[in-house]
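Structure first, then comments.
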Amino acid sequence: MSRSNIEVVFKDDILLGEGPHWVEERQDLIYVDIPGQAVHRFVPSTGKDYKVQMDGRTTFIVPVEFKPNTYLIGIERSIYEFEWDGISADVFKLNKMKTVEEDFPKNRFNDGKCDPQGRLWAGTMGYETDPGVVELEKGHLYKLDKNNQLSTLVDKIGISNGLAWSTDSSKFFYIDSVSFTVDVFDFDSTAGIPSNRQVLFDLKKNGIAGLADGMTIDTQNNIWVALHSGGKVLHIDTTAGSLIETIDFSNRASMLTSVAFGGRYLDELYVTSANYRLTPEQKSLETDSGALFKVTNVGAKGVGGGISYRV
Ligand SMILES: O=C(O)[C@H](O)[C@@H](O)[C@H](O)[C@H](O)CO
């Protein structure tokens, strides 16, 4: 059993928090609310959360290196360059860069992150009626290179979700939520090509309920996976492919969506959650649903902050 301590650091009107990204230089956390169509910035030193409303489901956010206040974000089926001062309610700039899957207007982007080399990876998903109930094999995983070239790396995806790379960039960990597995690829970091996909951890075989959602990696090359509809964060050994530990959010929030290490020593685990499509029973029981959590005493540290897009 985990000795970690779970604390709510912010709870307001968030429907489905996602894509937490620790900005080391500023010591703050940016994240999105997908159905709430918003970008948030949480500042731990003051406890304040700032929000800007977007026009469309906003699914991931990564800063652009050396361009203060500039980010790449995913909205619906497009990737935009986005400028925001992190405080005001105004979007300063929003330039569409790419749109995908014109033939599938109900698809949308989901999780997105940069690899250690600074390329953006973002996946899509089919139309979802209820958590995990999605049009199958409609999604793709894309890579946006520095030269602004978009390529498709994985297809036939249900819900493209968590992404992480090993500290030496030789492995790429990936989650398609509807497969109920966490997969691992060999990763050619120079070319930015994943190959040799294998199942690293199978939720069902381990008797774990829920859908694997967002994830992150620690300095020991072990991963932390948020469970949507499972109310847990799993700590998984990536060498053995086995469970090290579980952080249990029972009776607090069952729809955990993603995780990111933050804090001065990168030893605090931020966890986003959803207050969206809950059953009436879940609504009355899980009063922390939708909160942004901070978990301390997890016994692990993140590998730097979130990685920016490098142009
Ligand atoms: O959090 C996310 O990544 C998605 O946007 C959600 O849609 C969930 O993954 C999904 O509901 C689980 O099935």
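Here are the numbers for the structure shown:
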read-out: Counted residues, segment 263-290 - those being of a type in the set (Lys, Arg) and in a loop (DSSP other than H, G, I, E, B); value: 2
read-out: Single residue of segment 7-52 satisfying the filter (closer than 19 Å to Tyr265 by Cβ and crowded, with 21+ Cβ neighbours inside 10 Å) that is farthest from the ligand (Cβ to nearest atom); value: Asp28
read-out: Which listed residue, of Glu128, Glu135, is within 14 Å of the ligand (Cβ to nearest atom), touching a Phe, Trp or Tyr at 6+ places or on another chain (Cβ under 6 Å) and of a type outside the set (A, V, I, L, M); value: Glu135
read-out: Of all residues in segment 85-114 being away from the ligand (no atom under 16 Å from the Cβ) and among the basic types (Lys, Arg), the one that is surrounded by the most Cβ atoms within 10 Å (Cβ to Cβ); value: Lys98
read-out: Subset of segment 150-180 [within 16 Å of the ligand (Cβ to nearest atom), of a type outside the set (A, V, I, L, M) and under 13 Å from Ile223 (Cβ atoms)]; value: Asn161, Gly162, Phe173, Tyr174
read-out: Unique residue being more than 12 Å from the ligand (Cβ to nearest atom) and within 16 Å of the chain's Cα centre (by Cα) when the list is Asp183, Asp248, Asp213; value: Asp183
read-out: Scan of segment 260-287 for residues that are surrounded by fewer than 17 Cβ atoms within 10 Å (Cβ to Cβ) and either hydrophobic (A, V, I, L, M, F, W, C) or touching a residue at least 40 places away in the same chain (Cβ under 8 Å) (or both), ordered by number; value: Arg264, Arg277, Leu285
read-out: So Gln220, is it over 18 Å from the mean Cα position of the chain (by Cα), under 23 Å from Ile159 (Cβ atoms) and not in a strand (DSSP E or B); value: no
read-out: Qualifying residue in segment 232-255 (condition: at pLDDT 95 or above and under 30 Å from Lys67 (Cα atoms)); value: no
read-out: Residue that is away from the ligand (no atom under 16 Å from the Cβ), in contact with an Asp or Glu (Cβ under 7 Å, 6 or more places away or on another chain) and either among the polar types (S, T, N, Q) or modelled with pLDDT under 95 (or both), where the choices are Gln198, Gln220; value: Gln198
read-out: Selection within segment 252-299 - among the polar types (S, T, N, Q) and more than 16 Å from the ligand (Cβ to nearest atom); value: Ser284, Thr287, Thr296, Asn297
read-out: Flag if Thr124 is outside any loop (DSSP other than H, G, I, E, B), at pLDDT below 95 and of a type in the set (S, T, N, Q); value: no
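A quick yes/no check of all residues on (1) modelled with pLDDT of 95 or more; (2) under 28 Å from Pro131 (Cβ atoms); (3) not in a strand (DSSP E or B):
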| position | (1), (2), (3) |
| --- | --- |
| Arg3 | no, no, yes |
| Asp12 | no, yes, yes |
| Glu18 | yes, yes, no |
| Glu25 | yes, no, yes |
| Pro35 | yes, yes, yes |
| Ile73 | yes, yes, no |
| Phe82 | yes, yes, no |
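The values are calculated or read from the model by the stated rules, or taken from the named source; none is laboratory data. Not measured: the values here are computed from a predicted model. Cβ sites come from the backbone with ideal geometry, for glycine too, and all protein chains shown count toward neighbours.
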